[in-house]
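Okay, so here's the structure we're looking at.
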Amino acid sequence: MKPVKVVHYLNQFFGQIGGEEKAGIHPQLKTGPIGVGQLIKKESSDRFEVLQTIICGDNYAAEHLDEVSSLVSKWVEEIQPDVFLAGPAFAAGRYGMACSVMCKTVQQKLGIPSLTAMHSSNPGVDAARKEIYIIETGDSTLDMKRVIPKMVGLAQKILDKVPIGMPQEEGYFPRGLRINVRAEKRGSKRAVEMLLKKLRGEPFETELPLPQFDKVVPAPPVTNLAEAVIALVTEGGIVPKGNPDRIEAHNASKYCKYFIGNKNDLTGEEYQTAHGGYDPVYANDDPDRVLPLDAARLLEKEGVFAKLYDYYYMTVGNVTAVASAARYGREIGELLLREGVQGVILTST
Amino acid sequence: MVKEIERVGLPAVQICAIVPIALTVGANRIVRAIAIPHPTGDPKVEKEEEIELRKKLLRTALKGLTEKILEQTVFK
């Protein structure tokens, strides 16, 4: 079997230079394996040969990620290994961040397969999990003996171009990739089996994990509606005709605010939808079908509530990142609160 | 969005067609809309009737804003 040439990245501690007092050291290149590198060699039955070890202090790396990663990739380019390995970093945040950024940079710049390993709490995980394979470890070096074979095994598979298994089989953090696989049993059968397990209180593994959303304690209600200022907000993409602020049809990068203080009705001549995720015919025909201004004005005249706020806020809620939507909501909420609005009606499509 | 508006202390009701999504994302006050592409309208009915329908939906939503709730609530 052809030997595998490796460059290995370590911090000052695993690089056997020193502890926290040496965390400021600049990146340096050493010949041959050091510490964990010996273990990598051993666990690969001597197939993996660490040609060079790069060592950098945790503080220096974390504070100069761009500089260190470009130097590291320059060195790696000169050495031309088959694979670049970093860590494992376990729960060490600065180290984990450095490992992830080094791997990501080397792989993206040079196309050399790169992988690392760390604990789920490490901020390095989210820094690069989508781009590279990061093996999940325990939170301390006690897990070293279990993790190194995993790193070596996965690296070998990548190099041998063997299909990579699912995250839980191989032990890496999910990268958010979707691949088609042929299952032995059809979907309905799998679903019923899962349901039966659930009913029996047995462990089962979902095929479609749902994102976790947090709950908010309900705000105090509007106490006197007849005296309240109410605002309209929509995620349905209603904008003045021509979309003057050029809000995106999907994954909107912003929210907009438009004056409606002089309007009693939204017409298709003056407004339209900019949303790219639903059939726009009905909304373009009568935008009140998404942003109910005409009915709100009538209720205002009837005195059901005191006043409709003079502006409406809008965005396009179409594959918009949860984090962006949360920010838009928070900012809109704070602005409306400051403007003396007491209640919000939000429509979504 | 509606959840974050509510988080700053402003009661906010969401009119949306897919109630389970509103529940999953954590909206506290929910009113079921007419349909995804026209949450507050119905192109199949006459204009006057459609406005009445829209007013009715808004009345339900406004009622939702005035109620003291302890958990996620779908108003009808």
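Would you check if A:L208 is out of contact with any Gly (no Cβ under 9 Å at 6 or more places or on another chain) and at pLDDT below 95?
Yes: the conditions hold for A:L208.
Before we move on, is A:P287 under 18 Å from B:V13 (Cα atoms), over 29 Å from the mean Cα position of the chain (by Cα) and within 12 Å of chain B (Cβ to nearest Cβ)?
no
Could you tell me which numbered condition A:Y255 fails, if it satisfies all but one of (1) touching an Asp or Glu at 6+ places or on another chain (Cβ under 7 Å); (2) within 14 Å of another protein chain (Cβ to nearest Cβ)?
Of everything listed in (1) touching an Asp or Glu at 6+ places or on another chain (Cβ under 7 Å); (2) within 14 Å of another protein chain (Cβ to nearest Cβ), A:Y255 misses just condition (1).
Give me the helices (runs of 4 or more DSSP H) completely within the stretch A:135-222, filtered to those with at least 1 residues that are hydrophobic (A, V, I, L, M, F, W, C) and under 26 Å from the mean Cα position of the chain (by Cα), ordered by residue number.
Because the criterion is at least 1 residues that are hydrophobic (A, V, I, L, M, F, W, C) and under 26 Å from the mean Cα position of the chain (by Cα), the helices (runs of 4 or more DSSP H) in the stretch A:135-222 that meet it are A:144-159.
I want to confirm something. Restricting to the stretch B:1-50 and keeping residues that are among the aliphatic types (A, V, I, L, M) and under 16 Å from A:A296 (Cα atoms), which single residue is farthest from the other protein chains (Cβ to nearest Cβ)?
B:V31
If you scan the stretch A:318-334, which residues turn out to be more than 7 Å from chain B (Cβ to nearest Cβ) and in contact (Cβ under 8 Å) with a residue 24 or more places away in the chain?
A:N318, A:V319, A:T320, A:A321, A:V322, A:S324, A:E331
In the same structural domain as A:I17 (by TED's automatic domain parsing), farther than 14 Å from A:L10 by Cα, touching a strand residue (DSSP E or B) at 6+ places or on another chain (Cβ under 7 Å) and without any contact (Cβ under 8 Å) to a residue 24 or more places away in the chain: which single residue out of A:K74, A:K41 fits that description?
When all the criteria are applied, what remains is A:K41.
Pick out the one residue from B:R59, B:R54 that is surrounded by fewer than 22 Cβ atoms within 10 Å (Cβ to Cβ), assigned to a helix (DSSP H, G or I) and at the interface with chain A (Cβ under 8 Å from one of its Cβ atoms).
Exactly one of B:R59, B:R54 is surrounded by fewer than 22 Cβ atoms within 10 Å (Cβ to Cβ), assigned to a helix (DSSP H, G or I) and at the interface with chain A (Cβ under 8 Å from one of its Cβ atoms), namely B:R59.
Among (1) at pLDDT below 90; (2) more than 30 Å from A:V83 (Cβ to Cβ); (3) away from every other protein chain (no Cβ under 14 Å), where does A:K215 come up short?
(3)
Under the condition of being over 34 Å from the mean Cα position of the chain (by Cα) and of a type in the set (K, R), which residue from the stretch A:290-332 is nearest to B:E49 (Cα to Cα)?
Of everything passing the filter in the stretch A:290-332, A:R297 is nearest to B:E49 (Cα to Cα).
Could you give me the residue pairs with C-beta distances under 7 Å whose first residue belongs to the stretch A:151-170 and is surrounded by fewer than 16 Cβ atoms within 10 Å (Cβ to Cβ), whose second residue is part of a helix (DSSP H, G or I) wherever it lies, and which are 6+ apart or on separate chains?
Correct list of pairs: A:E170/A:L154.
Kindly establish whether A:I247 is surrounded by fewer than 19 Cβ atoms within 10 Å (Cβ to Cβ), of a type in the set (A, V, I, L, M, F, W, C), closer than 20 Å to A:Y311 by Cα and under 33 Å from the mean Cα position of the chain (by Cα).
Yes, satisfied.
The values are calculated or read from the model by the stated rules, or taken from the named source; none is laboratory data. Nothing here was measured: the structure is a model prediction, and the numbers come from that model. Glycine also receives a Cβ, built like all others from the backbone with ideal geometry; neighbour counts cover every protein chain displayed.
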